[in-house]
Amino acid sequence: MTKEAIIDKTGIRDAATVIVLRDRNHEPSVLMGQRGANAAFMPNKFVFPGGAVDPEDAHVPFADHLSPLCESRLTDDAPKDRATALAGAAIRELWEETGQILGRPGNWDAPPHNWQEFASQGHLPSAAPLQFVFRAITPPGRPRRFDARFFLLDADDLASNPDDFSAASDELAHLQWISLDKVRGFDLPFITEVVLAEVAARATDPHPPASVPFFRNDDEESLFLRLYGRSMPD
């Protein structure tokens, strides 16, 4: 996948965000951190780990691939080759920003530069636990615009200690698990509040949603759509 393949003609860049849910059957909480005051995008806001897709994300070896349903929905109203890159970006950004590993033990030769630290942990990325639950395009007029796909992930599927953030970069400060009944007391972006409502509704249900909400903000209009997935072969 080329650099041009992940940035469309309007300058909107594909991105992946990961909502890690913990103790879903008792006291559900999500992993969040605070963006820096000088960040160009959403400064000072508490957000989920995530970021833009890099070209290399489409070419990493997966120990486990996305489920067919998840892949189908990711490619609904999107290029067919985009699902793998989005899954890769989700796993890489989770590792970079929190030090958490979604993968299975395994080694790979000559990993891309932006995957070398992940590979050094002795794991291959595993996309199977990712559940696609939301999509939103940043409205016009913002300094940066993203076509963000939000993935829900159960903390039990992590290969790392969910309380150990020692390997995290400094992109997010104050990394912490925040209970769903207290999270709205933090400074959140509007879209994060919307996504949290979806997560809260699904906190005790591990099954994929019937469809995926999609806020599509174009220059001409804003639409609320539902993604059901491409037609699946029998």
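Quick note: the coordinates plus some simple rules give every number you see, no bench work behind them. Since the model is a prediction, treat every value here as computed from it, not as a measurement. So basically every Cβ, Gly included, is an ideal-geometry build from the backbone, and we count neighbours across all protein chains shown.
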As computed over the range 51-106, the Cα convex hull volume per residue (Å³):
87
Suppose the Debye formula is applied to equal point scatterers at every Cα of the range 91-133; what is log10 I(q)/I(0) at q = 0.18, 0.23, 0.28 Å⁻¹?
-0.49, -0.77, -1.06
Using the Kirkwood radius built from alpha carbon pairs, what does the Stokes-Einstein equation give as D for the range 1-125 at 10 °C and 1.306 mPa s, in µm² per second?
101
Measure off 7 Å from each Cα along the Cα-to-Cβ vector at Asn44 and Asn25, then give the distance between these two points in nanometres to one decimal.
4.1
Take every Cα-Cα pair in the chain and report what % of them are more than 21 Å apart.
54
Express the relative contact order of the chain as a whole percentage, based on alpha carbon pairs under 8 Å and six or more residues apart in sequence.
27
Let me see the pair-distance distribution of the range 167-226: every alpha carbon pair, 10 Å bin width, integer percents in order.
16, 38, 33, 13, 0
Sum of -39500 (n - 2.57) over DSSP H runs of 4+, divided by residues of the chain (222 nm, nearest 500):
-5000 deg cm²/dmol
The range 164-233 and the range 90-118: distance between their alpha carbon centers, rounded to Å
22
Taking 4 °C and 1.567 mPa s as the conditions, I'd like the Stokes-Einstein D for the range 107-214 in µm²/s, using the Kirkwood hydrodynamic radius from alpha carbon pairs.
77
Taking the Cα centre as origin and putting +1 on Lys and Arg beta-carbons and -1 on Asp and Glu beta-carbons, what dipole magnitude results for the chain, to the nearest 20 debye?
440
Cβ under 13 Å from Val47's Cβ, Val47 left aside: what net charge do those residues give with Lys, Arg +1 and Asp, Glu -1?
-3
How about the range 130-229: which GluC sites (Glu not before Pro) there lie in a loop by DSSP and see at most 14 other Cβ atoms within 10 Å?
Glu220, Glu221
